[in-house]
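Everything below concerns the one structure shown next.
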Amino acid sequence: MSVDFKKLKSFVKIIDTGSVSRAASVLRIAQPALSQQIASLEAQFKHQLLIRSNVGVTPTEAGMILYRHAQIMLKQIDQAQIDIDQSAKSVAGRVSIGLATYSSSSALSLPLLKEMRARYPEIIVHINDSFGHILSELIMTGKMDMALIYTANPIKGVTLQPLFREEMFLVSPPDMNLPGGPGESLPLSALNDLPLLLPSKGHFLRRLIDDALNRARSTPEVVSEIESIPALAAAVLDGLGSTILPASVVSETLSFQGAQLRPLTTPVIDATVSLCISDHLPLSEPALAARSVLLEIVGKLHSSHHLGIRPI
C-alpha cells in the first residue's frame, strides 16, 4: 500500500486542531481540498476516520489508530531528513526527553543539558516536565524519544529500565512546630491532622503517598492540590502547609530555600524512577547519544550518595 505523507500530515493536523477549517488555515490549504484528502484516506483504508459535528471533528477508533501510526511515520521522515542533511557532519538533530514532575529527575536536567551541549553541540535537547501529559503515552506514539518516569509496574508499549529509588521527605514552613529536633526522622503517624499540599490524585506520587499514609493509619488534612513546583514552594514558605517531595527537588529549587526538611519513616516512602523508551521504535542517533549521557549522569548520582537517591 503506497502512503501519501502529505495526506497523513493533513490528517494529523485536523485531529490536533480539532477542526477541518482550523487545520486548513494552519496548512494554508483550501478547506474543500483538505476534505478531499481525508476522503481519499478513508477510501484507501476502507474505514471512516473522522466524525464531524457542529463543534468540530473527533477521530473514530480507526482514525485514532491511524493517528498514532501517522505520528510515528512523520517523525521518522523528519528525522531521516535531518540525518541525511547532517550525514557529513557530527551527530546532529533533536531529542525530546520527558521528566516526571516532582521527581529527582528534574535535578538531572541541567547536568544533562550542559553535558549534551559540551559533547554534542549540534543536537537540540527538548526537555518536558509539564503536567497534563502521560509521558509513557508520548513515548508510545513517538512524540517523545525517552522519559524518566515514576513506575512500579510494566507498561504495555514501552521498555522500562529502573535507574534509582528516591526517598520522600516532609517539607514544611520554616517556623512550623514539628515533633523532634531539626532534621530528625518523623513517623508517618506524626502527620495526623497536619495540613498538607499535595499533587492531584491522578499523579503517581500522590497515590504512593496516600497508600503509605493509609498503611500508617495517618489522616493528614489535604488543604490544597498543587501541580506547580513554584506555586507549591510559595505556599509552603507562606505557612499554608507542608508537602512531601524528594529531597533533591527541594535542594535544587531555590524557591524552597529556608523550608524544613525531615525524613519520613514507618513506612519510608520511596519510588522507583525508570528510563522509559518505546519497545517498537528505534532510537535515533541523537537519542542514543542522550541516553548514554543520561545514564552516565545517573551513575555519578549513585557514586556521590546524593541525598535521598538509592541505587536499584
Restricting to Cα pairs below 8 Å that are 6+ residues apart, what does the relative contact order work out to for the range 42-128? Please round to a whole percent.
22 percent
Could you state the angle between the C-alpha long axis of helix 61-85 and the longest principal axis of the C-alpha atoms of the chain, as a value from 0 to 90 degrees rounded to the nearest 10?
90 degrees
How far is helix 204-215 tilted off the main Cα axis of the chain, in degrees rounded to 10, range 0 to 90?
40 degrees
Post the alpha-carbon centroid distance, the range 50-122 to the range 170-189, in whole angstrom.
42 Å
Most to least packed among 46-54, 205-213 [average Cβ atoms within 10 Å]:
205-213, 46-54
Projected area of the range 188-230, taken from the Cα convex hull and averaged over every viewing direction, in nm²?
2.9 nm²
Nearest 500 deg cm²/dmol is fine: what mean residue ellipticity at 222 nm does the chain get from its DSSP H runs of n ≥ 4 alone, each adding -39,500 (n - 2.57), divided by its residue count?
-12500 deg cm²/dmol
Let me check I have the definition right: for the range 203-312, take the eigenvalues of the Cα gyration tensor, multiply each by 5, take square roots. What are those semi-axes in whole Å, largest first?
30, 18, 16
Subtract the Cα-Cα distance of D78 and K300 from 0.36 nm times their separation in residues, and report this length gain in nm to one decimal.
76.5 nm
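Given Cα positions, please report Rg to Rh for the range 205-263, the hydrodynamic radius being the Kirkwood one. Mind showing how you got there, number by number?
Working: Rg = 11.9 Å, Rh = 12.5 Å.
Result: Rg/Rh = 0.96.
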With a 1.4 Å probe and all protein chains left in place, how much accessible area per residue does the range 69-215 have, in Å²?
49 Å²
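Quick one: with all protein chains in place, what share of the accessible area of the chain is carbon or sulfur, to the nearest percent (1.4 Å probe)? Can you show the working numbers first?
Working: 8520 of 15740 Å².
Answer for the chain is 54 percent, counting heavy atoms of protein chains only.
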I want to verify the translational diffusion coefficient of the chain in µm²/s; compute it with Stokes-Einstein, Rh as the Kirkwood radius over Cα pairs, at 20 °C and 1.002 mPa s.
97 µm²/s
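The values are calculated or read from the model by the stated rules, or taken from the named source; none is laboratory data. Keep in mind that what you see is a predicted model, and the values were worked out from it rather than measured. Reconstructed Cβ throughout: ideal geometry from the backbone, glycine too, with neighbour counts over all protein chains shown. For accessibility, only protein heavy atoms count, side chains too; no ligands or nucleic acids. Shrake-Rupley method; radii C 1.70, N 1.55, O 1.52, S 1.80 Å.
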